[in-house]
Amino acid sequence: MSAATTTGHAAGRRAAKPSKGRFSRRPAASLALHVTLIVASLCAVFPVAWLVLTSLKPRNAWQSSTVQLFVEPSLANYAQVLGDTAFPRWLANSLLVAALTTVLGVSIAASTGYAVSRFRFPGHGSVMWMLLITQMFPVAILIVPIYNLMAGLGLINQFPGLVIAYLTSAVPFCAWMMKGYFDTVPKEIDEAGRVDGLSPFGTFWRLILPLSKPGLAVAAFYSFITAWAEVAYATAFMTGDDKYTLAVGLAQFVGQHKAEWGLLTASSVLIAVPAAVVFLLVQRHLVTGLTAGATKS
């Protein structure tokens, strides 16, 4: 073997060997990192654990020590919430409103996002600015004008009025996000659909939507969360006891001088279950859907 070959192999081994300082971490830095992560995890888990454990306490024992949580756990709070209160009705109302908001929000946002992504029409720029600017207004500012509109249409204390109010928050964000996602779908697919004789809507429905599941999952999740357990609009627009949603109904457990913490915590755990189920159904698409519009191919 020649000297040049030997020198080349030695240089290759030196190049392949990573430097010690680049990939190693000092023990003190590693310990600090792990301690920080453990503390952050405990801070994140503690409120949820406190909520669940308090819901398992007897109704009048929420101020007792944490040791008693494991000695006498009880489902009495859950039984009372489900059997002696209007919680099932509030849950049904919230599910209805959230389902309608999700279906309508995804439908409107997907069609709007596809239109502004694929077509150039008079007012295209104005639509884009409207979708962006409407996301800048906080809910507190919009309650009064939306309330006046709903009152003029006779939709106060009606589920359609509440759904429309939620759509004003969900649709702009979802449409903007869907537009960014549709921009990543090759336009050649639309051209192939037109060659096969599909209409623009047929191309959108049969070719584009099946490829847009991650974006649709994000839009569905955001629309559902917007309507699920929302407080401001529900409190302002729903005035009848039979039309209360969960957010408004839970306020009945807080009196002037005392709060029923056992019932509140049990209700909170039950409220979190549908949201967790929806998250588990769409979570594998969330990261893809949120990041798809960040870059273009």
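For Asp183, Asp242, the ranking by accessible surface with the largest value first comes to Asp242, Asp183, using a 1.4 Å probe. If R0 equals 35 Å, the separation of the Cβ atoms of Leu96 and Trp50 corresponds to a calculated FRET efficiency of about 0.70.
Reducing the range 192-250 and the range 157-180 to their Cα centroids gives an inter-centroid distance of 7 Å. Counting only protein heavy atoms and a probe of 1.4 Å, the accessible surface of the range 138-297 is 66% carbon and sulfur.
Amide hydrogen proximity for Ser212: with H placed 1.01 Å from N in the peptide plane, no residue at 5 or more positions away or on another chain lies under 5 Å. Toward the positive end of the charge dipole of the range 119-206, with +1 on the Cβ of Lys and Arg and -1 on the Cβ of Asp and Glu, the farthest Cα among Phe159, Ala192, Met128 is that of Phe159. Between Leu75 and Asn157, the contour length at 0.36 nm per residue exceeds the alpha carbon distance by 26.2 nm. Segment Val273..Ala192, full-extension length gain: 24.8 nm, with 0.36 nm per residue of separation and the alpha-carbon distance subtracted.
Accessible area ranking (1.4 Å probe, heavy atoms, ligands and nucleic acids excluded), largest first, for Cys43, Cys174: Cys43, Cys174. For the peptides 227-239, 82-94, the ranking by packing is 227-239, 82-94, with the highest mean count of neighbouring Cβ atoms within 10 Å listed first.
The P(r) of the range 209-290 has a tail past 18 Å containing 55 percent of all C-alpha pairs.
The values are calculated or read from the model by the stated rules, or taken from the named source; none is laboratory data. No experiment lies behind these values; they were computed from the predicted model shown. A quick note on method: Cβ atoms are made from the backbone with ideal geometry, for glycine too, and the neighbour counts reach across all protein chains shown. With ligands, DNA and RNA removed, areas are computed over all heavy atoms of the protein, side chains included. Shrake-Rupley method; radii C 1.70, N 1.55, O 1.52, S 1.80 Å.
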